[in-house]
Each structure stands twice: as structure tokens, then as C-alpha cells.
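Structure record follows, encoded as C-alpha cells.
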Amino acid sequence: MQPWHKYYTHFVTGSAKARSQAANSNEWSGVVELRHPLEHTGGTRELRCLLAQSFDLDSDDIKILHWARLH
């Protein structure tokens, strides 16, 4: 069994229009565990998709503010 790759994530949820108006968006942070490591280029797209599935949102409704691998 492969080890899980853990990442700290800080992101906001809500539509792009709501985020720009600072309404109906929520700020979140926490640890996400993935089976495969994120790529440094394009990794946020994969992370946004995963978070969107968890929150039952569209990936465009997730904005990653910061992410870092935990060791």
C-alpha cells in the first residue's frame, strides 16, 4: 500500500462574482490527503477539483490561497 501524501490547504469557496464582492464566500483551511503527490505546475487544478467534489461545488468556485506539502 502506498503512503498518503498530506497537504495543508487554505482556500475560499463561493462563486467568482461573490468572491469579488466579498459576499457568500467562505474561507477554509485544513489537511487534504491524496494518493498521489501534487505536481508543482497544475497541482492546484487537481486540488480544486478534489475540494469541489467534497463541497459539492464547481471547481471554478474554489480559489486556492495557499497549499504546502506536510512532511
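Each reported figure results from applying straightforward, stated rules to the coordinates on display, with no laboratory input. Please read all numbers here as calculations on a predicted model, not as lab measurements. Positions of Cβ are generated from backbone atoms using ideal geometry, with glycine treated the same way; all protein chains shown enter the neighbour counts.
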field: FRET efficiency, SER59 to GLN2 (Cβ-Cβ, R0 35 Å, nearest 0.05)
entry: 0.90
Two-site FRET efficiency, LEU70 against ASN26, from Cβ-Cβ distance with R₀ of 25 Å, rounded to 0.05: 0.65
